[in-house]
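All of the numbers you see were taken from the coordinates with simple rules; none came from a lab. Given the structure is predicted, the values throughout are model-derived calculations rather than measurements. Using ideal geometry, Cβ is built from the backbone for each residue, glycine included, and neighbour counts are taken over all protein chains shown.
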Amino acid sequence: MEDREPLHILRIREELAKLANKGVKAELVRNGQDFVLYRSIETSGRGLNLPEVTDVLVPVPSGYPAAMIDMPALPRESPLITRVIGSNIQAWHSVEGTVWGLCSYHPYNGGGGPPWNPMIHGFHDYYNHLYFWLHKLRG
């Protein structure tokens with residue numbers, strides 16, 4: 001019998017392919033817990049002497065896609081981690097040799113985005129929320 005990936009993983013791969021078609025770099029990281037790692041997202045850091053790009057790690061919630069995407073993470077050493085909305089770190093994860101701080105930013109739950117709808121939302125449009133989030137840095 002052939003091993004098949006779970007349906008939610010196939011869906012995530014399709015969502016990431018949509019991003020790749022737009023030139024966005026993102027990958028699925030599977031190491032006990034699943035994450036999506038977005039690479040080199042532009043920030044508004046230039047005028048604040050902060051990084052102009054950053055990687056962002058996002059946990060795949062248990063029950064995805066019924067469960068909404070939430071809690072993006074930045075590298076612990078990033079100066080952005082204290083300047084983003086929701087810089088109240090909720091937990092730390094070590095993934096791919098980096099320690100990531102999960103930020104309390106909830107775009108689908110009162111954070112500026114529409115209510116979560118698993119029929120239309122996913123990691124492909126969560127990128128837009130991350131971009132917005134990284135362009136609202138506190139000075």
Report ³J(HN,Hα) in whole Hz for each residue of region 31-41, in order, from the Karplus equation J = 6.51 cos²θ - 1.76 cosθ + 1.60 where θ = phi - 60°; Gly and Pro get x. 8, x, 10, 8, 9, 10, 10, 8, 9, 6, 7
Value of [θ]222 nm, deg cm²/dmol, for the chain, DSSP H segments ≥ 4, -39500 (n - 2.57) each, nearest 500: -6000 deg cm²/dmol
Hey, in the GNM for the chain with a 10 angstrom Cα cutoff, which one of Ser94, Ser78, Ser44 fluctuates hardest? Ser94
Extending each Cα 7 Å along its Cβ direction at Asp125 and Asn31, get the distance between those two points in nm, one decimal. 3.1
Using a Förster distance of 22 Å, the FRET efficiency for Thr98-Lys18 (Cβ separation, nearest 0.05): 0.30
Kindly express, to the nearest 10 degrees and within the range 0 to 90, the angle between helix 123-133's C-alpha long axis and the longest C-alpha principal axis of the chain. 10
Centre separation in Å (Cα based) which lies between region 76-139 and region 1-51: 13
DSSP loop GluC sites (Glu not before Pro) in region 39-98 with at most 15 other Cβ atoms within 10 Å of their Cβ, which ones? Glu52, Glu77, Glu96
Quick one: if you stick a label point 7 Å off each Cα along the C-beta vector at Lys136 and Glu77, how many nm between them? 2.9
Just to be sure I understand, if you calculate Rg and Dmax of the Cα atoms in Å for this structure, which of (i) 15.5, 52; (ii) 13.8, 43; (iii) 14.7, 56 do you get? (iii)
